[in-house]
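For reference, the structure is listed below as structure tokens.
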Amino acid sequence: MAEEMSRKPYVREMTSEWIFRHPRYVRYMTREFSCLFIGAWTLMLVCALARLSEGPEAWAAFLAGLKSPLIVAFHVVALAFAVYHSVTWFNLTPKALPLQLGEQFVPDGVISGAHFGAWAVLSIAILYLAGAF
Amino acid sequence: MGERTLELEVLRYNPETDSEPRFQRYTVTCREEWVVLDALNHIKETIDPTLTYRWSCHMAVCGSCGMMINKEPKLACKAFIRSYKGVVRVEPLAHFPIERDLVTVIDDFMDKLKRVRPYLIPKQVKAVADGEYLQTPAELNKFKQYSMCINCMLCYAACPEYGLIPKYVGPAAIALAHRYNQDSRDGGRDQRQQEIAATEGAWECSFVGACSEVCPEHVDPAGAIQQVKIKSTVDWYTEHLMPWLKK
Amino acid sequence: MAISNKPIVWGPFAAGGTLTAFLTPVLILLTLLAALGHAPDLLAYDRLQAFAGHWLAKLAIAGTVFLSLWSAAHRLRITCCDLGIRADILVATIVYAVALAGTGASVLYLLRI
């Protein structure tokens with residue numbers, strides 16, 4: 001039957017509601033938003049370098065300026081986001097860098113685990129060398 | 001096993017009469033062990049023969065019956081009604097134009113599949129008399145999971161980047177290109193790079209990972225795409241910083 | 001379609017993402033301790049100035065600042081796209097400029113330490 005059908009495809013508009021369509025998209029946006037806090041903290045690091053380069057009084061003023069509830073709150077939130085970035089990054093590493101030994105691939109958990117282990121060792125080493133404990 | 005009364009809200013669209021889609025509610029008496037596809041078939045057979053949708057194997061191997069079930073891309077033949085409480089919303093696969101009811105326009109996907117040259121392009125063509133291309137189990141395992149794609153397009157529906165950027169080549173097509181790139185018998189990577197290492201290729205991906213989560217065959221297209229990015233990046237820096245190195 | 005030059009911006013992003021994953025949390029912890037009044041010994045002026053005085057440390061700090069700012073900038077660019085902001089070239093210019101400015105500033109300050 002050669003009757004021509006009239007086609008009129010309907011294109012659905014893409015709005016930002018996709019973010020709330022499923023928890024995985026909320027988790028993704030949370031991970032992405034970590035960049036704001038990591039970026040902000042790094043800019044604070046640049047300010048710290050500026051004060052350090054200006055001498056002991058400027059540096060003392062900088063350290064004193066850190067001791068405010070707002071700055072503490074920022075640090076706590078930034079730390080949470082930074083840790084979330086680390087956890088998501090190391091969990092995704094085996095997907096991006098699969099390792100084949102012989103016929104099989106090294107299990108994802110081993111690759112992630114090695115990263116988490118190195119992260120822990122490095123962090124403790126830095127805390128120790130910095131004299132935090 | 002007993003019966004259950006299921007409320008289905010299905011997005012309808014008739015291109016010949018409608019200016020936009022609208023929801024239609026059906027009350028279906030189902031068996032408890034049914035999948036959503038069974039409910040749709042029951043509607044079509046006994047309530048509303050105009051309901052239009054794609055399906056074939058009813059066993060999650062053909063990839064035909066992909067649709068949004070409560071906003072999640074699923075194969076209708078794999079969506080058990082016992083997993084759902086209350087009204088079940090059925091819509092066509094997201095990020096594709098609607099042809100009619102639950103049928104989407106898949107031309108874009110078919111075109112992208114072709115563009116990535118999803119076939120072996122041997123490094124050295126062997127004459128038949130020279131025998132088969134030999135491959136070890138290890139070499140097979142390098143690409144096997146990426147060969148399991150059933151082209152169901154759930155990954156495209158799950159991918160927000162494809163929804164935002166229709167030109168994006170997309171998860172399944174890039175994973176398929178990766179399948180051939182990883183095949184020891186193949187020598188066509190340079191040709192496929194023109195498609196998958198282009199801006200609309202792997203670079204539109206932001207590693208949301210939704211594609212791999214919804215994939216019914218555990219292909220892990222997200223992993224494939226990241227591997228493409230890393231290889232392409234190594235290639236780019238090698239070419240630009242050490243041009244004297246021959247490939 | 002032609003092969004993209006995206007690796008120019010993605011390479012540092014991936015390197016920065018890895019670096020910040022390993023390093024940033026513990027560094028935030030150090031300044032958090034300072035904010036709580038228990039600044040670690042390294043943050044005393046003499047020790048920190050001695051540490052940052054070494055050219056190797058300057059290089060490491062500058063590299064850390066660059067990669068951290070760049071990966072944050074790139075991610076922010078992607079996030080803007082995800083939120084439906086279509087002016088990608090404008091967003092990219094702003095975020096990468098901030099990253100490079102921050103890096104430049106840190107190099108200047110490090111040279112003065």
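Derivation of every value follows stated rules applied to the coordinates shown; laboratory data play no part. What you are looking at is a predicted structure, and each value in this text was computed from that prediction instead of being measured. FYI the Cβ positions are ideal-geometry reconstructions off the backbone, even for glycines, and counts take in every protein chain you see.
Any aspartates and glutamates with Cα under 19 Å of the A:K67 Cα? List them, leaving off those in the same chain fewer than 8 positions away. Those aspartates and glutamates meeting the cut-off are A:E57, C:D41.
Simple rule: put +1 on each Lys or Arg Cβ and -1 on each Asp or Glu Cβ in the protein assembly as shown, find the dipole, and look at B:H240, B:V10, A:Y10; the Cα lying farthest toward the positive end is B:H240.
Between segment B:129-184 and segment C:49-110, the alpha-carbon centres lie 35 Å apart. Spatially, segment A:94-120 and segment A:56-76 are offset by 39 Å when compared through their Cα centroids. Per-peptide packing, taken as the mean over residues of other Cβ atoms within 10 Å, places B:106-118, B:196-208 in the sequence B:196-208, B:106-118 from highest down. Summing Cβ point charges (Lys, Arg +1; Asp, Glu -1) relative to the Cα centre of chain A gives a dipole of roughly 220 debye. Within the shell defined by Cβ-Cβ distances under 13 Å, the residues around C:F13 carry a net charge of +3, with Lys and Arg each +1 and Asp and Glu each -1. Checking the cross-link pairs B:K71/C:K6; A:K95/B:K229; B:K123/B:K231; A:K8/B:K112; B:K44/B:K167 against a 24 Å limit on the alpha carbon distance flags B:K71/C:K6; B:K44/B:K167 as lying beyond it. Considering chain C, its Cα convex hull presents a mean projected area of 9.1 nm². Placing +1 on the Cβ of each Lys and Arg and -1 on the Cβ of each Asp and Glu in segment C:11-112, which of C:C81, C:T24, C:Q49 has its Cα farthest towards the positive end of the resulting dipole? Working it through, the farthest residue towards the positive pole turns out to be C:C81.
Note on C:4-13: average number of Cβ atoms from other chains within 10 Å of each residue's Cβ is 6.
As a rough footprinting exposure proxy, the listed residues A:F116, A:F37 were ranked by other beta carbons within 10 Å of their own, and the order from fewest upward is A:F116, A:F37. Each residue of the protein assembly as shown gets 212 Å³ once the volume of the Cα convex hull is shared out per residue.
The residue list A:F105, B:S206, C:S106 was ranked by how far each Cα lies along the charge dipole of the protein assembly as shown toward its positive end, using unit charges on Cβ atoms, and C:S106 comes out on top. Each Cα pair under 8 Å and six or more residues apart adds its separation to the average, and for chain C the resulting relative contact order is 32 percent.
Within chain B, the cysteines lacking any other cysteine Cβ closer than 4.7 Å to their own Cβ are B:C30, B:C65, B:C77, B:C149, B:C152, B:C159, B:C205, B:C215. Per residue of peptide C:35-47, the mean number of Cβ atoms on other chains within 10 Å of the residue Cβ is 6. Look at the stretch A:10-23: the mean tally of other chain Cβ atoms within 10 Å of its residues' Cβ atoms is 6.
Annotation: amide H-H contacts under 5 Å for B:G187 (H modelled 1.01 Å from N, sequence separation of 5 or more, or interchain): B:I121, B:K123. Think of each Lys and Arg Cβ as +1 and each Asp and Glu Cβ as -1; about the Cα centre, that makes the dipole of the protein assembly as shown roughly 800 debye.
Please report the net charge: other residues with Cβ closer than 13 Å to the Cβ of B:C62, K and R +1, D and E -1.
That works out to +1.
Count Lys and Arg as plus one, Asp and Glu as minus one, and take only other residues whose Cβ is under 14 Å from that of B:D220; the net charge is then +1.
Among rounded, prolate and oblate, which fits segment A:16-129 when a ≥ b ≥ c are the square roots of the eigenvalues of its C-alpha gyration tensor, a/c under 1.5 means rounded, and a/b larger than b/c means prolate? Since a/c reaches 1.5 but b/c is at least a/b, the shape of segment A:16-129 is classed as oblate. Only helices enter this figure: runs of n ≥ 4 DSSP H residues, each worth -39500 (n - 2.57), summed and divided by the residues of chain C, yield -28000 deg cm²/dmol at 222 nm to the nearest 500.
Return the lysines within reach of B:K74: Cα separation strictly under 19 angstrom, same-chain partners fewer than 8 residues apart disregarded; answer none if there are no such residues. Result set, ordered by chain and number: B:K85. Normalised by the number of residues in segment B:107-241, the average gap of Cα pairs under 8 Å and 6 or more apart makes the relative contact order 31 percent. Rounded to the nearest 20, the Cβ-based charge dipole of chain B about its Cα centre (Lys and Arg +1, Asp and Glu -1) stands at 620 debye.
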